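The values are calculated or read from the model by the stated rules, or taken from the named source; none is laboratory data. This is a predicted model, so every value here is computed, not measured. Here Cβ is always computed from backbone atoms with ideal geometry, including for glycine, and neighbour counts include all displayed protein chains.
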């Protein structure tokens, strides 16, 4: 079956912005004006099509990226509405990895906000061409040209204003289309569907002429032939202007800027026109390369061997696992068997779907350049490459930030235990920034994510979608114990209760080792005072004692144990007796070796704007941290230091509060360090109480 839309008329775009800039409202207008929806859904009413999750409707925020397909001017536009909250940045990351273009939304009052910077950086990482739409021009304090200046100064973009606002704030009436030099009047009765045109008001005509000249100059700068033509004639025909602007946008040399108010239905159609005119088609993006071999490529062509990237996994209670894929080459049909080259598996296409938020439209075939959903791809995960079995290729994976916060979770009842495990596994498959692990030391299931809100939503989904009763709390820090002085110990295990008894006598020497060395066991017994066959039992007894140290019940590390003497009984000695003797001997000797408690210390890297560097360093010092260096990176300041893990819980909220949401951090395990003496007794007392409750 031939494709219905030529590849030159295919657009894969996303809408990205800071939280509450109006992404979803803008998406709803796009759906309405393109004829996809017959009425507009509003975020504040919980009726927005793209915010289909219960949690999104209740909170009025976007949590998961939603995809749909619309038609405008004979173009097929795949649209992904992404979240603005930093906790859900993975949704933006995976969307930008497969999109060809993006619309960056800005609030006309707030301008370039913290998450605007983050999503802009993400789009630059994947070299995604962009348009800008300055929204909420009807709000008091709106300033179109001030936001344009911020895009230039704070984001390093090269903005080209394509419209001129008629009024701002309460007086905002509409826009001047600078390309065609006409005033656009959006009919309120038809919710902006009908647009009429009028002459430009005399008081702003000269200003508009100046900005139109700027557009022509920017177009001419993109091509030497256009530049010569412009110098010769002083102007360019419309086709040349559009060609120059398109070339500059696709190469990311310029960023066309539009404005309006999505909520009041003004300006969105001009943005849709710009998507068709300036953002790239899959042909403009060109071939994709294999991750491990630059010479292996796939062209955006239906006749090429099939290749696609799985970028999102969604669980559906009726269909099971739905995999969102971006097709880079070839054609996909129901029943095809593909190769998951990332996992070296063969998978079969059960159903093909075109998604409209959480609604599905069954299709028979999908072609190069399209974004579709597939049912029946086995164990396919986010970031996996799917390809023709005869022509394998592995595309570049998607990199996600590491989780920064963890909480302990447990089932509310025994009946929920199995359900909790299955549900957490399902959620972890959907969300690559959500991790689950079982901590054997503390007996807790620990879940990790990008922030408090992220984990709050996860827990809410467990309770409502999966019907799992669960309780949450702070996870325990995995402390360790060690000694600081060498010490000798001796113990005789004698048990006589009629008949055959138990006898074992061991002498041990405990020596502290450098941090990170771990445990070592040395046999220095001479003269057969302990028979060779019992030496392994002595080591077993010591290892058993290491598992739960005598100081506070935490594992013992960085100790060398030497067995150097002892005795045995020909009848009463046995393996069990020597295990017990070694265990008790170690515990008694350990407490004489000036024991100390060790805590995990994390290497922390905090990224903040320069104005907040003092707040960042202060926050680390308040948490018993040490600042070890500062450096500049990408217009921001990086503060490097080490902080005990126990002090880092809740830090994601702290750093965002201190920096007005513009700061972020990552941390990795560095080493174990001694807990300050004044805190040791508190930790030990807490541990004893917990053990008493558990026991």
Criterion: modelled with pLDDT of 95 or more and assigned to a strand (DSSP E or B) - qualifying residue of 275, 257
257
Those strands (runs of 3 or more DSSP E) lying entirely in the stretch 285-358 with at least 2 residues closer than 26 Å to residue 102 by Cβ and modelled with pLDDT under 95:
307-316, 320-329, 351-356
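Matching residues to (1) touching a residue at least 12 places away in the same chain (Cβ under 8 Å); (2) in a strand (DSSP E or B); (3) in contact with a helix residue (DSSP H, G or I) (Cβ under 7 Å, 6 or more places away or on another chain):
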residue	(1), (2), (3)
428	no, no, no
432	yes, no, yes
438	no, yes, no
493	yes, yes, yes
508	yes, yes, yes
521	yes, yes, yes
Whether any residue in the stretch 15-37 is modelled with pLDDT of 90 or more, in a strand (DSSP E or B) and crowded, with 23+ Cβ neighbours inside 10 Å is what I want to check.
yes
Please verify whether the stretch 444-456 includes one or more residues that are over 23 Å from the mean Cα position of the chain (by Cα) and exposed (fewer than 15 other Cβ atoms within 10 Å of the Cβ).
no
Conditions: (1) at pLDDT below 95; (2) part of a strand (DSSP E or B); (3) surrounded by 15 or more Cβ atoms within 10 Å (Cβ to Cβ). Residue 477 meets all but one. Number of the miss?
(2)
Looking at 549, 566, 516, which one is surrounded by 21 or more Cβ atoms within 10 Å (Cβ to Cβ), in contact with a strand residue (DSSP E or B) (Cβ under 8 Å, 6 or more places away or on another chain), outside the structural domain of residue 457 (by TED's automatic domain parsing) and at positive phi?
566
For the stretch 460-474, what are the residues that are modelled with pLDDT of 85 or more and either touching a strand residue (DSSP E or B) at 6+ places or on another chain (Cβ under 6 Å) or in the same structural domain as residue 316 (by TED's automatic domain parsing) (or both)?
462, 470, 471, 472
What helices (runs of 4 or more DSSP H) lie completely within the stretch 530-648 and have 3 or more residues being more than 27 Å from residue 503 (Cα to Cα), without any contact (Cβ under 8 Å) to a residue 60 or more places away in the chain and under 26 Å from the mean Cα position of the chain (by Cα)?
613-622
Here are the criteria: (1) under 29 Å from residue 576 (Cβ atoms); (2) touching a residue at least 12 places away in the same chain (Cβ under 8 Å); (3) surrounded by fewer than 18 Cβ atoms within 10 Å (Cβ to Cβ). Tell me which single one residue 472 does not satisfy.
(1)
Hey, any hits in the stretch 360-371 for a residue that's surrounded by fewer than 20 Cβ atoms within 10 Å (Cβ to Cβ), at positive phi and in a loop (DSSP other than H, G, I, E, B)?
no
Just checking, does the stretch 375-393 include any residue being in contact (Cβ under 8 Å) with a residue 12 or more places away in the chain, surrounded by fewer than 23 Cβ atoms within 10 Å (Cβ to Cβ), assigned to a strand (DSSP E or B) and in the same structural domain as residue 298 (by TED's automatic domain parsing)?
yes
Residue list for the stretch 461-470, restricted to those being out of contact with any helix residue (DSSP H, G or I) (no Cβ under 6 Å at 6 or more places or on another chain) and assigned to a helix (DSSP H, G or I):
461, 463, 464
